[in-house]
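Asker: Just passing along the structure, written as structure tokens.
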Amino acid sequence: LTDVQDDLTEILITEEQIRSRVAELAREVERDYAGKDVLLIGVLKGAVMVMADLSRELRIPVTMDWMAVSSYGSGTQSSGVVRILKDLDTDLSGKTVLIVEDIIDSGLTLSWLLSNLRSRGPESIEIFTLLRKPEAARVEIDVKYVGFDIPNQFVVGYGLDYDERYRTLRGVGILAPAVYS
Ligand code: PRP
Ligand code: MN
Ligand code: MG
């Protein structure tokens, strides 16, 4: 980890802060969805870490499915052009759906995904995101659970990548501009 530490200007959110915030939000999810079977939909690949931690923290029955979409490629800016790389295995009709994301940046990925998934007839659909960048929003999205609002800087770790690297960092850090410029 030490070599990677040099690529960060600071650790924005520690492993422990993530753990306690995810646990706190899990209690809210349990209350809101008591008596329901919830289908968690993770957005690959960024959401793998938050999905793993949130799903195991929840004390209500959940199932998981995954969708892979990509809008960033290897750049640091969202293109807004979303491609489905892997679709769900599950039929959404009548399902209680909670989308699990690592970050809402411009919001373009989720806004596209929401309308795509809504058209499949779920009973309800809400969003859980670990991170959100309010200053970067290009579309308004109604998000039910937000872990942390963060400044408009390029962050990596806990699932978030730059060019597929840094996903395995346990916390979230700000990537040094020298790495991508
Ligand atoms: C990242 C991130 C979100 C999305 C947010 O995914 O994981 O899914 O971008 O950006 P937006 O709000 O500006 O649309 P990415 O497309 O990089 O794919 P990845 O999850 O495989 O890294
Ligand atoms: Mn993603
Ligand atoms: Mg990415």
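Asker: Given the criterion touching a helix residue (DSSP H, G or I) at 6+ places or on another chain (Cβ under 7 Å) and within 16 Å of ligand 3 (Cβ to nearest atom), identify the matching residue among VAL48, VAL22, VAL82.
Answerer: On inspection, the qualifying residue turns out to be VAL82.
Asker: Kindly indicate the residue of segment 100-151 that is within 16 Å of ligand 3 (Cβ to nearest atom) and among the acidic types (Asp, Glu) and also modelled with the lowest pLDDT among those meeting that condition.
Answerer: The extreme case among them is ASP105.
Asker: Provide a single number: the residues in segment 145-154 that are surrounded by 12 or more Cβ atoms within 10 Å (Cβ to Cβ) and more than 13 Å from the chain's Cα centre (by Cα).
Answerer: The total comes to 3.
Asker: Might you let me know whether segment 2-14 holds any residue that is touching a Ser or Thr at 6+ places or on another chain (Cβ under 9 Å) and either modelled with pLDDT of 95 or more or surrounded by 20 or more Cβ atoms within 10 Å (Cβ to Cβ) (or both)?
Answerer: No; the residues of segment 2-14 include none that is touching a Ser or Thr at 6+ places or on another chain (Cβ under 9 Å) and either modelled with pLDDT of 95 or more or surrounded by 20 or more Cβ atoms within 10 Å (Cβ to Cβ) (or both).
Asker: Restricting to segment 102-137, give me the number of residues that are away from ligand 2 (no atom under 16 Å from the Cβ) and charged (D, E, K, R).
Answerer: 5
The values are calculated or read from the model by the stated rules, or taken from the named source; none is laboratory data. As the structure is a computational prediction, the values presented were derived from the model and not from experiment. Because the Cβ atoms are built from the backbone with ideal geometry, glycine has one as well, and the counts that use them run over all protein chains shown.
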